[in-house]
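The values are calculated or read from the model by the stated rules, or taken from the named source; none is laboratory data. On a predicted model such as this, the values are computed, not experimentally measured, just so you know. Reconstructed Cβ throughout: ideal geometry from the backbone, glycine too, with neighbour counts over all protein chains shown. Accessible surface areas use protein heavy atoms only, side chains included; no ligands, DNA or RNA. Shrake-Rupley method; radii C 1.70, N 1.55, O 1.52, S 1.80 Å.
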Amino acid sequence: MPESRENFPDGIDPAWRGARISRILIGKEPWETRRSTVHTKSGLPEHHPEEALLLDYAFGNAAEAVALILAIHLVFCPRCRATVAAMESAASRLVEGLPSRPMREAALDRLLLRLDEPEAVAEPDAALGYPAPLAAYLGSGEQARPWRKLGRGIEQLVLPTAPSATRAMLLRVAAGRRMPKHTHRGNELTLVLQGDYSDQYGRYAQGDFEAADGSLTHSPAIGKDEPCVSLVVLDAPLRLAGALGRIINPFVQL
Amino acid sequence: MSGEPIILADLGEVEPAALVARVAEGADRSAFAELFRRFAPRLKAYLMRLGADEGGAEEVVQEAMLTVWRRAATFDARQASVATWIFTIARNKRIDRFRRERRPEFDPHDPMLAPAADPAPDESLGAQQEECRLAEALAALPAEQADLLRLAFFDSLSHADIAARSGLPLGTVKSRVRLALGRLRRALDGS
Ligand SMILES: [Zn+2]
């Protein structure tokens with residue numbers, strides 16, 4: 001990974017706790033029919049989150065939107081699952097090193113009385129055809145969350161994570177588009193769910209993860225064969241002026 | 001049948017994974033009670049160390065152990081030790097309760113899950129054995145790496161929080177995490 005992506009410049013909210021938009025996807029093609037679900041491709045991801053982010057996840061310190069994007073990467077990536085498992089084992093050892101705290105009297109008796117309680121009602125139906133961690137946020141049928149057309153081949157679906165500066169959204173961009181050159185004010189995490197895009201760092205396809213910060217300028221191109229659906233997590237507002245600013249206004253409402 | 005008297009057998013010598021199996025296969029309350037005795041005080045210590053008051057910690061432990069009872073059949077001894085499995089449940093309950101956030105978690109039974117390559121049978125360590133090696137590697141970490149893991153864990157700080165508070169460059173924090181992880185993974189790979 002190039003050095004510029006390793007070191008976040010000063011002045012950026014250090015925590016990955018907030019969200020904003022990710023990529024500005026603009027093109028010239030007419031609106032395309034999109035697919036409604038994610039299709040599994042063969043092959044494992046080639047672009048992975050850094051260990052430090054996986055540690056945040058394993059230790060329970062990642063903001064919800066960040067935990068979501070990492071959980072979905074884990075669906076596609078046995079290698080990072082193994083890393084997280086090792087971190088969880090390490091966390092468990094740290095717990096075992098603490099002096100234990102006896103439970104209050106009768107705590108066990110009270111719990112034994114609860115074992116036959118029915119479970120609380122399950123969450124509303126999850127959407128089918130998406131990785132499980134994501135499906136839980138999409139709902140299905142009447143409760144399905146709507147996609148919003150932003151124009152120029154871009155659709156957006158904001159996911160209902162807990163209120164925080166860090167938010168998550170799906171972006172669906174028509175095949176063959178190219179995003180204008182842009183930079184980011186904050187940090188941006190992207191995970192490809194379907195289709196692919198390419199920038200100067202490589203080609204990103206299903207399961208691939210990319211982290212970008214304010215130092216990165218790029219102009220990702222969507223693959224020619226199908227729309228690209230990605231999950232994007234942002235932690236800082238975009239501030240762009242002029243025509244481009246109008247285009248991304250919908251994002252800024254986040 | 002919550003009123004049914006419970007005869008709690010002495011299971012002090014039984015392996016944790018066998019206790020979970022008894023819960024999964026036979027809804028064995030004695031086995032569950034033994035798991036509670038062994039693990040609940042550790043979970044309580046964890047939650048209080050991370051800032052919960054005693055009442056809140058006890059409630060989260062209750063929720064976590066109730067999930068152990070209900071989800072015992074999903075425990076997979078090839079993936080994790082019982083201690084680690086129970087820790088992850090408590091970690092997620094803590095996030096629900098104290099941060100009021102959902103905890104997205106991948107589902108090992110997700111049809112979309114990309115399978116891991118199966119290791120040759122004699123190459124794969126049991127989860128228990130893996131954790132012994134991991135404990136050794138953890139104890140042998142250089143102080144700066146060990147301190148960083150402790151800070152992240154016990155003070156609930158993300159790596160970016162740690163950089164901001166300690167004044168260390170973010171790149172330094174990341175590289176220490178990477179080095180620590182490298183050591184832990186090499187210990188697990190047996191090399
Ligand atoms: Zn990965």
What range in chain B is the longest one free of GluC sites (Glu not before Pro) that are in a loop by DSSP and have at most 14 other Cβ atoms within 10 angstrom? B:14-122
Calculate the spin-label point distance for B:Ser166 paired with B:Glu15, positioning each point 7 Å from the Cα along the beta-carbon direction, and give it in nanometres. 3.7
Please report the projected area of chain B's Cα convex hull averaged over all directions, in nm². 14.0
Of the candidates B:Ser158, B:Leu50, B:Ala72, the farthest towards the positive dipole end of chain B (Lys/Arg Cβ +1, Asp/Glu Cβ -1, centred on the Cα centre) is B:Ser158
Counting only heavy atoms of protein chains, what accessible area per residue, in Å², does segment B:16-102 have with a probe of 1.4 Å? 39
Length gained, B:Asp189-B:Ala73, 0.36 nm per residue minus C-alpha separation, equals 39.0 nm
Given a 1.4 Å probe and no ligands, DNA or RNA in the count, how much accessible surface is buried by B and A, both sides, to the nearest 100 Å²? 6800
Quick one: if the Förster radius is 35 Å, what FRET efficiency do A:Arg178 and A:Arg145 give, using the C-beta to C-beta distance and rounding to 0.05? 0.80
In range of the label at B:Phe154: residues from segment A:70-103 whose backbone nitrogen is under 15 Å from the point 7 Å along Cα→Cβ: A:91-101
